[in-house]
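Note sheet for the following structure.
The values are calculated or read from the model by the stated rules, or taken from the named source; none is laboratory data. None of these values were measured; they are calculated from a predicted model. Ideal geometry is used to build each Cβ from the backbone, glycine not excepted, and the neighbour counts take in all protein chains shown.
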């Protein structure tokens, strides 16, 4: 089966390109974002709009309530099912997103074990974070697994604890275990990565956050808190939700929360690029010249059609 993947840091322009490519290539989009699975979390996750979803079928959006502990293993299983279903409809499966491990787990034959947990150890780490702060917990991970520490934000308590737990139980850092996974794809694979001059990317990130504030991010987070979704949930640890919740709970001013969100998002984009740079098979395209969208589209289109050996007219072409 053929599989198309588009990756890149937040705010680089994946959504616009993905819509144009999906229409040209008779594709259906699978969101590769670990936060877009949550219902009611729309503004902060920059989901495709209803109009955009009418243009192109989208999957893995709004499939869980915010109290569901979504995992990479669940994403991988669901995405594999969707890829087979989409190919069975004679359309091209197209993963678009920025959660590196999630995307990579589908592209290659990663194996995840759901067993082997140590709940007592996890609870000890949660108490440690509560007593000493998230930065201290993150520092513990850096001592035993600096590569994973670089990839995980200090706010991402659940994944930090999981990485510590893996080291605690096996004596082998999670990053080493991931590196040892088979990097052979079960698919006929084409991965395109978008990159951009860093200063421009950071400006786009800041502009996007200002736009999110105008679209009602504060109201969205307030509604989630009012519905009983607490800040210790995986979903509420996401960028935008944690910072705005801190404002709503009186721990930050609104200005401080927005500046913190911008800083955290810039750091997140840097970690995304670091992750993708370590992935193989990516065809990188620099989209810094944002006024030249058509040229970028044509270049990416040519990469895809050559790599996946698609015919000149993509209407109903065979993708399985």
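Results, tabulated for the structure shown:
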item	result
Boolean, residue 34 is closer than 24 Å to residue 228 by Cβ, outside the structural domain of residue 160 (by TED's automatic domain parsing) and either in contact with a helix residue (DSSP H, G or I) (Cβ under 9 Å, 6 or more places away or on another chain) or buried (at least 19 other Cβ atoms within 10 Å of the Cβ) (or both)	yes
Scope the stretch 48-61; condition at pLDDT 95 or above, crowded, with 17+ Cβ neighbours inside 10 Å and closer than 20 Å to residue 215 by Cα; matching residues	61
Unmet criterion (only one of (1) without any contact (Cβ under 8 Å) to a residue 24 or more places away in the chain; (2) within 22 Å of the chain's Cα centre (by Cα)) for residue 83	(1)
Residue in the stretch 15-26 that is in a strand (DSSP E or B), at pLDDT 95 or above, farther than 11 Å from residue 92 by Cβ and touching a strand residue (DSSP E or B) at 6+ places or on another chain (Cβ under 9 Å) present	no
Among the residues listed as 225, 252, the single one being part of a loop (DSSP other than H, G, I, E, B) and surrounded by fewer than 20 Cβ atoms within 10 Å (Cβ to Cβ)	252
Conditions (1) in a helix (DSSP H, G or I); (2) out of contact with any helix residue (DSSP H, G or I) (no Cβ under 7 Å at 6 or more places or on another chain): number failed by residue 80	(2)
Residue match in the stretch 282-291 (condition: in a helix (DSSP H, G or I) and surrounded by 12 or more Cβ atoms within 10 Å (Cβ to Cβ))	yes
Test for residue 216: is it surrounded by 17 or more Cβ atoms within 10 Å (Cβ to Cβ) and at positive phi	no
Residue check, residue 211 within 23 Å of the chain's Cα centre (by Cα), exposed (fewer than 14 other Cβ atoms within 10 Å of the Cβ) and in the same structural domain as residue 98 (by TED's automatic domain parsing)	yes
Of the criteria (1) under 30 Å from residue 303 (Cβ atoms); (2) outside any helix (DSSP H, G or I); (3) modelled with pLDDT of 95 or more; (4) out of contact with any strand residue (DSSP E or B) (no Cβ under 6 Å at 6 or more places or on another chain), which one residue 200 fails	(2)
Residues (within 17 Å of the chain's Cα centre (by Cα) and either without any contact (Cβ under 8 Å) to a residue 12 or more places away in the chain or over 21 Å from residue 223 (Cα atoms) (or both)) located in the stretch 51-69	58, 59, 60
Any chance residue 269 is without any contact (Cβ under 8 Å) to a residue 24 or more places away in the chain and in a helix (DSSP H, G or I)	no
Test set (1) in a helix (DSSP H, G or I); (2) over 20 Å from the mean Cα position of the chain (by Cα); (3) touching a residue at least 12 places away in the same chain (Cβ under 8 Å) - residue 184 fails condition number	(1)
Subset of the stretch 120-176 [crowded, with 19+ Cβ neighbours inside 10 Å and more than 23 Å from the chain's Cα centre (by Cα)]	125, 129, 140, 167
